[in-house]
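Report on one structure; see the data block that follows.
The values are calculated or read from the model by the stated rules, or taken from the named source; none is laboratory data. This one's a predicted model, so the numbers in the text were calculated from it and none came from an experiment. Cβ: placed from backbone, ideal geometry, glycine included. Neighbour counts: every protein chain shown. Calculation scope for accessible area: heavy atoms of the full protein, side chains included, ligands and nucleic acids excluded. Shrake-Rupley method; radii C 1.70, N 1.55, O 1.52, S 1.80 Å.
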Amino acid sequence: MALIDLRSDTLTKPTDAMREAMFRAPVGDDVYGEDPSINELEARGAELLGHEAALFCVSGSLANLLGVWLVAERGSELVCDEQAHIVRAEVGAHAALHGIQTRTWASPDGVADPAVVERIVADRAAHLVATGGVELENTHNFGGGTIQPVESMAKIAELCRDKGLGLHLDGARLANAAVALGRPLSDWSKLATSASLCLSKGLGAPVGTVLASSRTNIARARAERKRLGGGWRQAGILAAAGLYALDHHIDRLADDHAHARLIADIIRAKAPGAVAATVPTNIVVVTVPDAAAVVAGAKEQGVLVSLLNATTVRLVTHLDVTEAQCREGAEVVAELLA
Ligand SMILES: Cc1ncc(COP(=O)(O)O)c(C=O)c1O
């Protein structure tokens, strides 16, 4: 039985054309700054994200680790959403490796309300933990691929500037937000002190995330990456996949978004209220009575979905699933909920 894998957009495999680009990539030693493919990707990443410089990192988690470290000192706190990837899914890295703790706000769908952020950052005094910075995630993974509007991010960025705080944007899926709203990625990322963009999610590269910031910050992040063992050598083979993804896989994210809306419609028809009224990008979060039973039941029928918590499953559309497979996968899940 051929599996329909809707667990994550990280599951995509490089296409033949991407592999060809990787095969032909000019490479050099990146610790010496001599890998032409990495240098090109970092220049492209900086331009795309509206910053002076960028750093090619092995993962979104490493880019977040460095981006958060740029804005928050050891012993300080980072303020962010309680369902943020950095809080739930980075194995405590920010505390364990950089001594940064988080203080979180709650939101229904991961979209930050500037008034809530203002209230939480106002709470500062010499005897309290110093607030180092603020973090936003766009699109928001556990929130259901939701988009932080540029206008509200601008208010939060202004607040950070007024309070002397840094702002890190986890833009793992920022390209999805940009395509969904027809805006350049930099509309969001230039508002942040540091911003990431993953190449290995919906964009379909096997590995890699770019982190963008000022020239000074990226030089600091490059040294810290090396300290963490993340300096790499002829990784231009991987950067070439990223460059290919930027050239060929951004616009097609609109297909993934249409497939996610199709999945949501099919599930809603059988289980009204199980899915949010709008599904803005490529992630469908479904509220169910027993998530483990739905994951197991779908798997028996060849459909893989993720368990987010006891009552939530997640379906993610991507490059390697067709419209027909999304339809079939959604029908299996919908039937289990009917
Ligand atoms: C929003 C978000 N940020 C960061 C990451 C981390 O990326 P990586 O798995 O490459 O470390 C993920 C991974 O799924 C994510 O969804």
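Before moving on, here are some points about what is shown:
- With a cut-off of 12 Å between beta carbons, the residues surrounding residue 27 carry a summed charge of -3, where Lys and Arg count +1 and Asp and Glu -1.
- Kirkwood hydrodynamic radius of the stretch 196-307, Cα pairs, Å: 17.3
- Set of lysines near residue 163 by C-alpha distance (under 25 Å), chain-local residues within fewer than 8 positions excluded: 155, 190
- Over 17 Å [Cα-Cα, the stretch 141-261], rounded percent: 63
- Proximal charge balance of residue 114 [Cβ under 11 Å; K/R count +1, D/E count -1]: -2
- Residue 29 accessible area, assembled protein chains, probe 1.4 Å, Å²: 30
- Scaled against 2.2 N^0.38 Å for its residue count N, the alpha carbon radius of gyration of the stretch 226-271 is 1.97.
- In summary, the convex hull built on the alpha carbon positions of the stretch 64-195 has an orientation-averaged projected area of 7.1 nm².
- Looking at the stretch 252-337, the accessible area is 42 square angstrom per residue; that uses a 1.4 Å probe and ignores ligands, DNA and RNA.
- Length added when fully stretched, residue 1-residue 20, from 0.36 nm per residue minus Cα-Cα: 3.9 nm
- With each label modelled as a point 7 angstrom along the Cα→C-beta vector, the residue 52-residue 130 pair spans 2.2 nm.
- Test item: Cα-centred dipole of the chain, Lys/Arg +1 and Asp/Glu -1 on Cβ, debye: 560
- The stretch 252-337 - Kirkwood radius from inverse mean 1/r over Cα pairs (Å): 12.4
- Within the chain, longest stretch clear of exposed trypsin sites (Lys or Arg not before Pro) (DSSP loop, no more than 14 other Cβ within 10 Å): 125-232
- Most mobile listed residue (309, 176, 39) in the chain, GNM with C-alpha springs under 10 Å: 309
- Here the simple spin-label model places points 7 Å from the Cα toward Cβ, and for residue 269 and residue 310 these points are separated by 3.3 nm.
- Nearest-0.05 FRET efficiency for residue 190 and residue 11, computed from C-beta distance (R0 30 Å): 0.45
- Estimated translational diffusion coefficient (Stokes-Einstein, Kirkwood radius over Cα pairs, 10 °C, 1.306 mPa s) of the chain: 78 µm² per second.
- Reachable lysines, given that their alpha-carbon falls under 30 Å from the alpha-carbon of residue 270 and they are not under 8 places away in the same chain: 201, 299
- Inter-centroid distance (Cα atoms) of the stretch 206-244 relative to the stretch 1-69, Å: 8
- Whole-percent carbon and sulfur share, accessible surface of the chain, 1.4 Å: 52
- Annotation: per residue accessible area for the stretch 60-201 equals 37 Å², rounded to a whole number [probe 1.4 Å, protein chains only].
- Taking the DSSP bridge list for the stretch 16-248 and keeping only pairs wholly inside it, about 40 percent are antiparallel.
- GluC sites (Glu not before Pro) lying in DSSP loop within the stretch 4-54, provided at most 15 other Cβ fall within 10 Å: 34, 52
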